[in-house]
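Structure, as structure tokens:
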Amino acid sequence: MKIGDLVKVVKNDMSLIIKIEGMKDNLFFDGVGTIVKEFPEMRWQMPYSWYEVLFPSGIYSAREDAIEVLSAN
């Protein structure tokens with residue numbers, strides 16, 4: 001996954017996809033969005049990468065196992 005990829009939600013889980021600004025919501029459920037940022041790798045090892053994804057309902061942080069690439073850029 002990289003910036004510009006079109007992705008869809010495969011796990012409708014509000015702990016894996018978190019709204020960045022505003023009130024927490026589930027408007028991303030079954031949504032399609034675009035990756036706009038990849039979070040840098042942390043000092044500690046995390047089993048999954050996190051991405052910032054732009055959905056029609058706003059910008060969310062999404063863990064890589066909760067989204068799937070529809071079309072690579």
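Only the coordinates and a few stated rules stand behind these numbers; no lab work does. Fair warning: this is a prediction, and the values are worked out from it, not measured in the lab. Here Cβ is always computed from backbone atoms with ideal geometry, including for glycine, and neighbour counts include all displayed protein chains.
State the number of lysine pairs found in the chain whose Cα atoms come within less than 17 Å, restricting to pairs 8 or more positions apart or on distinct chains. Present the calculation step by step, with values, prior to reporting the outcome.
Numbers: Lys2/Lys37; Lys8/Lys19; Lys8/Lys37; Lys11/Lys19; Lys11/Lys24; Lys19/Lys37.
Eligible lysine pairs with Cα atoms under 17 Å apart amount to 6.
If eta is 0.890 mPa s and T is 25 °C, what Stokes-Einstein diffusion coefficient results for segment 6-71, Kirkwood Rh from Cα pairs, in µm²/s?
Diffusion coefficient, whole number: 208 µm²/s.
Would you order Leu16, Leu70 from fewest to most other beta-carbon atoms within 10 Å of each residue's own beta-carbon?
Values: Leu16 19, Leu70 12.
Ascending number of Cβ neighbours within 10 Å: Leu70, Leu16.
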